[in-house]
Structure formats: structure tokens, C-alpha cells
Amino acid sequence: MQSIKMPKSTNKQKKDFYRKHEIPKLFALLEEYPLRHQLIVKFALFGGLRRGEIAGIASDVIDFESNQVEIKRSLQQSTKGLRLKDTKTEDRRIITLPEQFMKDLYNYYIKKLDLKKEMANLWKGFEDVNGKEVFLLFSDEYGIPHRPDTLTQFWNRFVKRHKNELRRVRFHDLRHSSASLILSEGVNMKIVQKRLGHKDIQTTLNLYSHITEEDDKKASDVFDNFM
């Protein structure tokens, strides 16, 4: 057996996602929660962002006039504590988000600025790994960011509380929900690749083959009228 290679582990969590008809229910349940939590979930769903990317969003990457956000940093938990790192070049991208979402984000941003003024000298703020001070949106009252895993913890509590009203998926599956939904609406696969920050389009194709299979069925249905 020494000359035989060990097989690769296939113990991967199954990807799931919310369907189009489930989204309104999700949003209705979220209305009971603080705006911060609503924005975090919608960033994952509307933008297809990873939790570290959401936790690392700062004011300098947001363009409220064009409704766009540049994804160029990610907050990571390391043995040395929280680190705000630049994302890999292939992961950097600019995404356009819904107008109403950006209005809600702007209102949240203004309140965050007001909090900073109220805290005055107590405000500590945060720096990225290059030593640049950044104004993180999802931070505590001192400007210190919350750990990325707290996003998952909130989501787990949320879906557990509403287990009888909403199907349970992982927080990361909101990213899959985003891609699956826009693909099902006919958005080009290349655009989906760009929004998700995949270096290779084959990665996107492999992850969302279930959508292309559904499209293939639709393509076949076109010819049913001729039979």
C-alpha cells in the first residue's frame, strides 16, 4: 500500500442556496433586526461577498453616487489578532449594488460618523496591514472591527430562531444564493465570475453547473412546440 496515493478527501459541505421565492421572506424576517445586521446579510446576498470581505468594508471603498463598492480588503483572524489584508489581485473587483440598499448603507454610514464624533478621544479606529487608518463600517463603538466569525454566529442564531419560517442554509450559502439567482435570471456567466472574484471562469462553471443544467432543460423545452 506504500506505493498507492491516498485519495483526496471528499468530505465537503454540500452547497445550498435560497430560491427566488424565499428571498422576500428572508427580508421580512430581517426587518426585526438592527440595520447593521440587515446590511451584512444583504451584502452577502446582493454582492456575493465572503464574510471577511464584508467585515473589511471601509468608507474609502464606497461610491454612493454610482452605487458601487470596491472589494479590495478582507478582515482575517490570525494568531496575532485581527488583520485587515489586501485581497489577491484576482479577487479585487467593483460591484454595483441596488439603489435602495446603498441609501440604507449611506444612512448607516452617517450614523457611524456621528458616533465617532461623540466618542471623541475614546475612538481608537483601526489600521490595515500597511499601517493606513481606515473607517470600518462594521465595527464597535471604538472603531474596532468585529471578528468575521461573529457574522456567522449571528446568522446561525437568526436561522435557528426562524427555523419554522425559513429554510436553514449556511452564511456562506448566501454568496451561492446570489450567484444562483442572477444566473437563473439570465445574467452572463462572465459577469457572475467578476462579481464573485473568481480568477478562472471554470471555477464559476463548476460551482454553478446546476444552473446551466436547468438552462439546458429550458433550451430543450423550446423545441417542444415543434413536436
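Values quoted throughout were computed directly from the atomic coordinates according to the rules given, and no laboratory measurement underlies them. Bear in mind the structure is a predicted one, so any value in this text is a computation, not a measurement. Cβ sites come from the backbone with ideal geometry, for glycine too, and all protein chains shown count toward neighbours.
Relative to the longest principal Cα axis of the chain, at what angle does helix 173-184 sit, 0 to 90 degrees, rounded to 10? So the inclination is approximately 50 degrees. Beta-bridge orientation, the chain: approximately 100 percent antiparallel, per DSSP, counting only bridges with both partners inside. Our coupling estimate for segment 123-135, obtained by passing each phi through the Karplus curve with A = 6.51, B = -1.76, C = 1.60 and θ = phi - 60°, is 5, 9, x, 8, 10, 7, 5, 8, x, 8, 6, 10, 9 Hz, Gly and Pro reported as x. Annotation for segment 165-205 versus segment 31-51: alpha-carbon center distance of 16 Å. The listed peptides 166-173, 183-190, ordered by packing as a protection proxy, come out as 166-173, 183-190 (highest mean of other Cβ atoms within 10 Å first).
Can you tally the net charge around Val159? Count Lys and Arg as +1, Asp and Glu as -1, for every other residue whose Cβ sits under 14 Å from the Cβ of Val159. Please report the intermediate quantities before stating the final value.
Working: positive: Lys25, Arg157, Lys160, Arg161, Lys163, Arg167, Arg168, Arg170; negative: Asp16, Glu22, Glu32, Glu165, Asp173.
Result for the local shell: +3.
Counting Lys and Arg as +1 and Asp and Glu as -1 over every other residue whose Cβ lies under 15 Å from the Cβ of Glu99, the net charge comes to -1. Measuring against 19 Å, Cα to Cα, the residue pairs Lys80/Lys112; Lys88/Lys199; Lys85/Lys132; Lys72/Lys132; Lys42/Lys85 contain Lys80/Lys112; Lys42/Lys85 as the ones spanning a longer distance.
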